[in-house]
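The values are calculated or read from the model by the stated rules, or taken from the named source; none is laboratory data. Here the structure is a predicted model, which means the values were calculated and not measured. Here Cβ is always computed from backbone atoms with ideal geometry, including for glycine, and neighbour counts include all displayed protein chains. The accessibility values were calculated without ligands, DNA or RNA, using every heavy atom of the protein model including side chains. Shrake-Rupley method; radii C 1.70, N 1.55, O 1.52, S 1.80 Å.
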Amino acid sequence: MFEVLLTALGVGLATVFGAIIGFAFKNISHKFSDIVLSFAAGVMLAAAVLGLIIPSIEYGGKWGLLITIIGIFVGAISLNLIDKLVPHLHKLAGVDLEEHTHNPADSAKLSKVLLFVTAIAIHNLPEGIAAGVGFGTGNTNDALLIAGGIALQNIPEGMVIIGPMLAAGVSKKRTFFLAMLTGLIEVVGTLIGYFAVSIATIILPFALAFAGGTMLYVISDEMIPETHAHGSQCGATYALLVGFCLMLASSVLLG
(Lines give C-alpha, C1' and ligand atoms only; values in the text may rest on other atoms or scores of the structure.)
Protein backbone atom coordinates (compact mmCIF):
# COMPACT_ATOMS: atom_id res chain seq x y z
CA MET A 1 0.00 0.00 0.00
CA PHE A 2 2.89 2.34 0.80
CA GLU A 3 4.27 1.83 -2.72
CA VAL A 4 0.86 2.62 -4.20
CA LEU A 5 0.63 5.89 -2.25
CA LEU A 6 4.14 6.90 -3.31
CA THR A 7 3.35 6.02 -6.92
CA ALA A 8 0.09 7.98 -6.83
CA LEU A 9 1.91 11.02 -5.48
CA GLY A 10 4.69 10.59 -8.03
CA VAL A 11 2.24 10.45 -10.93
CA GLY A 12 0.42 13.53 -9.66
CA LEU A 13 3.57 15.49 -8.86
CA ALA A 14 4.86 14.91 -12.40
CA THR A 15 2.25 17.42 -13.58
CA VAL A 16 3.41 19.86 -10.91
CA PHE A 17 7.02 19.32 -12.01
CA GLY A 18 6.02 20.09 -15.59
CA ALA A 19 4.23 23.22 -14.39
CA ILE A 20 7.39 24.40 -12.61
CA ILE A 21 9.32 23.94 -15.85
CA GLY A 22 6.56 25.89 -17.60
CA PHE A 23 7.02 28.77 -15.13
CA ALA A 24 10.79 28.75 -15.61
CA PHE A 25 10.66 28.56 -19.41
CA LYS A 26 7.47 30.27 -20.56
CA ASN A 27 8.33 30.07 -24.26
CA ILE A 28 9.09 26.36 -24.59
CA SER A 29 9.32 25.48 -28.28
CA HIS A 30 6.84 23.14 -29.89
CA LYS A 31 9.73 21.01 -31.12
CA PHE A 32 11.05 20.35 -27.62
CA SER A 33 7.56 19.71 -26.25
CA ASP A 34 6.76 17.34 -29.13
CA ILE A 35 9.95 15.32 -28.59
CA VAL A 36 9.28 14.93 -24.88
CA LEU A 37 5.63 14.05 -25.45
CA SER A 38 6.54 11.52 -28.16
CA PHE A 39 9.07 9.86 -25.88
CA ALA A 40 6.34 9.59 -23.24
CA ALA A 41 3.96 8.14 -25.86
CA GLY A 42 6.49 5.40 -26.64
CA VAL A 43 6.88 4.59 -22.96
CA MET A 44 3.10 4.52 -22.48
CA LEU A 45 2.62 2.32 -25.55
CA ALA A 46 5.03 -0.31 -24.23
CA ALA A 47 3.57 -0.03 -20.73
CA ALA A 48 0.02 -0.50 -22.04
CA VAL A 49 0.93 -3.62 -24.03
CA LEU A 50 3.43 -5.24 -21.66
CA GLY A 51 2.02 -4.18 -18.31
CA LEU A 52 -1.73 -4.18 -18.94
CA ILE A 53 -2.90 -5.94 -22.10
CA ILE A 54 -0.71 -9.06 -22.01
CA PRO A 55 -1.34 -9.62 -18.27
CA SER A 56 -5.07 -9.19 -18.96
CA ILE A 57 -4.96 -12.10 -21.40
CA GLU A 58 -2.97 -14.21 -18.95
CA TYR A 59 -5.25 -13.52 -15.96
CA GLY A 60 -8.40 -14.01 -18.00
CA GLY A 61 -7.91 -17.73 -18.38
CA LYS A 62 -9.96 -19.46 -21.09
CA TRP A 63 -11.81 -16.27 -21.95
CA GLY A 64 -8.76 -14.05 -21.54
CA LEU A 65 -8.45 -12.93 -25.17
CA LEU A 66 -12.15 -12.09 -25.52
CA ILE A 67 -12.24 -10.25 -22.18
CA THR A 68 -9.14 -8.30 -23.16
CA ILE A 69 -10.48 -7.25 -26.55
CA ILE A 70 -13.79 -6.15 -25.02
CA GLY A 71 -11.98 -4.30 -22.23
CA ILE A 72 -9.73 -2.44 -24.68
CA PHE A 73 -12.69 -1.23 -26.73
CA VAL A 74 -14.73 -0.29 -23.66
CA GLY A 75 -11.77 1.73 -22.36
CA ALA A 76 -11.27 3.49 -25.68
CA ILE A 77 -14.99 4.17 -26.17
CA SER A 78 -15.23 5.57 -22.64
CA LEU A 79 -12.55 8.16 -23.39
CA ASN A 80 -14.13 8.84 -26.76
CA LEU A 81 -17.38 9.68 -24.98
CA ILE A 82 -15.50 11.95 -22.58
CA ASP A 83 -13.98 13.69 -25.63
CA LYS A 84 -17.49 14.37 -26.91
CA LEU A 85 -18.24 16.25 -23.71
CA VAL A 86 -14.86 17.82 -23.00
CA PRO A 87 -12.41 17.80 -25.96
CA HIS A 88 -8.77 17.49 -25.01
CA LEU A 89 -5.54 19.15 -26.19
CA HIS A 90 -5.58 19.43 -30.01
CA LYS A 91 -9.39 19.18 -30.12
CA LEU A 92 -9.95 22.44 -28.27
CA ALA A 93 -10.54 24.63 -31.31
CA GLY A 94 -9.28 28.14 -30.82
CA VAL A 95 -6.86 27.37 -28.00
CA ASP A 96 -3.53 28.02 -29.71
CA LEU A 97 -0.79 27.81 -27.13
CA GLU A 98 1.63 30.03 -29.02
CA GLU A 99 -1.07 32.63 -29.65
CA HIS A 100 -1.94 32.80 -25.97
CA THR A 101 1.68 33.16 -25.09
CA HIS A 102 2.09 36.31 -27.17
CA ASN A 103 -1.29 38.06 -27.17
CA PRO A 104 -3.27 39.67 -24.34
CA ALA A 105 -6.27 37.70 -23.14
CA ASP A 106 -9.92 38.60 -23.10
CA SER A 107 -12.74 36.82 -21.27
CA ALA A 108 -13.42 34.47 -24.20
CA LYS A 109 -9.79 33.37 -24.31
CA LEU A 110 -9.79 32.89 -20.56
CA SER A 111 -12.84 30.64 -20.80
CA LYS A 112 -11.18 28.52 -23.47
CA VAL A 113 -7.97 28.20 -21.47
CA LEU A 114 -9.88 27.15 -18.36
CA LEU A 115 -11.80 24.63 -20.49
CA PHE A 116 -8.42 23.33 -21.65
CA VAL A 117 -7.30 22.87 -18.03
CA THR A 118 -10.60 21.23 -17.08
CA ALA A 119 -10.23 18.81 -20.00
CA ILE A 120 -6.77 17.82 -18.82
CA ALA A 121 -8.07 17.22 -15.30
CA ILE A 122 -10.96 15.04 -16.52
CA HIS A 123 -8.69 12.99 -18.78
CA ASN A 124 -6.22 12.50 -15.94
CA LEU A 125 -8.73 10.41 -13.97
CA PRO A 126 -8.70 7.31 -16.27
CA GLU A 127 -4.93 7.69 -16.67
CA GLY A 128 -4.59 7.58 -12.89
CA ILE A 129 -6.90 4.55 -12.76
CA ALA A 130 -4.59 2.81 -15.24
CA ALA A 131 -1.63 3.43 -12.94
CA GLY A 132 -3.52 2.00 -9.95
CA VAL A 133 -4.90 -1.03 -11.78
CA GLY A 134 -1.34 -2.04 -12.67
CA PHE A 135 -0.71 -2.94 -9.05
CA GLY A 136 -3.54 -5.49 -9.15
CA THR A 137 -1.33 -8.08 -10.85
CA GLY A 138 1.06 -8.15 -7.91
CA ASN A 139 3.94 -7.38 -10.27
CA THR A 140 5.33 -4.21 -8.75
CA ASN A 141 7.91 -3.71 -11.50
CA ASP A 142 5.25 -3.65 -14.22
CA ALA A 143 3.05 -1.37 -12.12
CA LEU A 144 5.89 1.09 -11.58
CA LEU A 145 6.76 1.05 -15.28
CA ILE A 146 3.14 1.84 -16.18
CA ALA A 147 3.01 4.65 -13.63
CA GLY A 148 6.37 5.93 -14.88
CA GLY A 149 5.08 6.13 -18.44
CA ILE A 150 2.00 8.06 -17.34
CA ALA A 151 4.12 10.36 -15.18
CA LEU A 152 6.39 11.12 -18.15
CA GLN A 153 3.34 12.10 -20.18
CA ASN A 154 2.21 14.41 -17.38
CA ILE A 155 5.42 16.47 -17.45
CA PRO A 156 4.92 18.07 -20.90
CA GLU A 157 1.21 18.32 -20.13
CA GLY A 158 2.04 20.37 -17.05
CA MET A 159 4.45 22.46 -19.09
CA VAL A 160 1.96 23.50 -21.76
CA ILE A 161 -0.85 24.69 -19.47
CA ILE A 162 1.24 27.39 -17.78
CA GLY A 163 1.81 29.81 -20.69
CA PRO A 164 -1.82 30.05 -21.81
CA MET A 165 -3.12 30.63 -18.28
CA LEU A 166 -0.59 33.36 -17.52
CA ALA A 167 -1.29 35.03 -20.88
CA ALA A 168 -5.02 34.82 -20.19
CA GLY A 169 -4.57 36.88 -17.04
CA VAL A 170 -4.64 34.10 -14.44
CA SER A 171 -2.38 34.93 -11.49
CA LYS A 172 0.77 32.86 -10.94
CA LYS A 173 -0.57 31.54 -7.64
CA ARG A 174 -3.88 30.44 -9.17
CA THR A 175 -2.12 29.03 -12.22
CA PHE A 176 0.07 26.84 -10.04
CA PHE A 177 -2.95 25.79 -7.95
CA LEU A 178 -4.90 24.73 -11.07
CA ALA A 179 -1.90 22.77 -12.37
CA MET A 180 -1.57 21.07 -8.99
CA LEU A 181 -5.29 20.26 -9.03
CA THR A 182 -4.98 18.43 -12.37
CA GLY A 183 -2.22 16.34 -10.80
CA LEU A 184 -4.35 15.64 -7.72
CA ILE A 185 -7.05 14.15 -9.96
CA GLU A 186 -4.46 11.63 -11.13
CA VAL A 187 -3.63 10.72 -7.53
CA VAL A 188 -7.32 10.05 -6.84
CA GLY A 189 -7.59 7.96 -10.02
CA THR A 190 -4.58 5.84 -9.03
CA LEU A 191 -6.11 5.03 -5.65
CA ILE A 192 -9.50 4.25 -7.23
CA GLY A 193 -7.89 1.82 -9.67
CA TYR A 194 -5.87 0.10 -6.96
CA PHE A 195 -8.76 -0.35 -4.53
CA ALA A 196 -11.16 -1.45 -7.27
CA VAL A 197 -9.03 -4.43 -8.30
CA SER A 198 -8.04 -5.17 -4.69
CA ILE A 199 -11.65 -5.43 -3.53
CA ALA A 200 -12.91 -7.34 -6.58
CA THR A 201 -10.07 -9.36 -8.08
CA ILE A 202 -12.55 -11.04 -10.44
CA ILE A 203 -12.65 -7.83 -12.49
CA LEU A 204 -8.84 -7.69 -12.79
CA PRO A 205 -8.56 -9.01 -16.40
CA PHE A 206 -11.23 -6.60 -17.63
CA ALA A 207 -9.81 -3.71 -15.57
CA LEU A 208 -6.32 -4.27 -16.99
CA ALA A 209 -7.66 -4.32 -20.55
CA PHE A 210 -9.85 -1.28 -19.88
CA ALA A 211 -6.84 0.64 -18.59
CA GLY A 212 -4.79 -0.50 -21.58
CA GLY A 213 -7.53 0.65 -23.94
CA THR A 214 -7.65 4.11 -22.36
CA MET A 215 -3.87 4.44 -22.73
CA LEU A 216 -3.93 3.30 -26.37
CA TYR A 217 -6.69 5.82 -27.07
CA VAL A 218 -4.75 8.67 -25.48
CA ILE A 219 -1.62 7.75 -27.45
CA SER A 220 -3.33 7.42 -30.83
CA ASP A 221 -6.00 10.09 -30.58
CA GLU A 222 -4.17 12.79 -28.64
CA MET A 223 -0.43 12.39 -28.15
CA ILE A 224 0.66 11.34 -31.65
CA PRO A 225 -1.50 13.91 -33.50
CA GLU A 226 -0.28 16.64 -31.13
CA THR A 227 3.38 15.76 -31.68
CA HIS A 228 2.98 15.61 -35.48
CA ALA A 229 1.20 18.94 -35.86
CA HIS A 230 4.15 21.35 -35.74
CA GLY A 231 6.70 20.06 -38.26
CA SER A 232 8.62 17.76 -35.90
CA GLN A 233 7.23 14.48 -37.22
CA CYS A 234 10.57 12.76 -37.82
CA GLY A 235 12.06 13.62 -34.46
CA ALA A 236 8.79 12.77 -32.74
CA THR A 237 8.66 9.35 -34.41
CA TYR A 238 12.18 8.45 -33.31
CA ALA A 239 11.52 9.77 -29.81
CA LEU A 240 8.49 7.45 -29.62
CA LEU A 241 10.64 4.50 -30.71
CA VAL A 242 13.30 5.36 -28.14
CA GLY A 243 10.67 5.54 -25.41
CA PHE A 244 9.13 2.24 -26.48
CA CYS A 245 12.48 0.43 -26.64
CA LEU A 246 13.60 1.86 -23.30
CA MET A 247 10.43 0.57 -21.65
CA LEU A 248 10.80 -2.77 -23.45
CA ALA A 249 14.38 -3.14 -22.20
CA SER A 250 13.38 -2.14 -18.67
CA SER A 251 10.57 -4.69 -18.65
CA VAL A 252 12.88 -7.48 -19.80
CA LEU A 253 15.81 -6.60 -17.54
CA LEU A 254 13.71 -5.92 -14.44
CA GLY A 255 11.18 -8.66 -15.06
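Values computed for the structure shown
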quantity	calculated
The range 119-131 residues that are more than 14 Å from residue 152 (Cβ to Cβ), paired with ones that are modelled with pLDDT under 70 and open to solvent by less than 10 Å² (accessible area, probe 1.4 Å) (beta carbon under 6 Å, 6 or more apart)	119/88; 123/88
Tally, over the range 191-214, of residues that are touching a residue at least 12 places away in the same chain (Cβ under 8 Å) and either among the small types (Gly, Ala, Ser) or over 20 Å from residue 54 (Cα atoms) (or both)	11
Helices (runs of 4 or more DSSP H) wholly inside the range 149-255 containing at least 1 residues that are open to solvent by 30 Å² or more (accessible area, probe 1.4 Å) and either at pLDDT 85 or above or of a type in the set (Lys, Arg) (or both)	172-199, 204-218, 224-227, 233-254
All helices (runs of 4 or more DSSP H) inside the range 1-92 with 3 or more residues being at pLDDT 85 or above and either in contact with a strand residue (DSSP E or B) (Cβ under 9 Å, 6 or more places away or on another chain) or open to solvent by less than 10 Å² (accessible area, probe 1.4 Å) (or both)	30-46, 64-85
Pairs where the first residue, in the range 215-236, is hydroxyl-bearing (Ser, Thr, Tyr) and the second is open to solvent by 60 Å² or more (accessible area, probe 1.4 Å) and in a helix (DSSP H, G or I), C-beta under 6 Å, 6+ apart	232/31
Members of the range 3-34 found to be in contact with a Leu (Cβ under 9 Å, 6 or more places away or on another chain) and among the basic types (Lys, Arg), listed by number	26
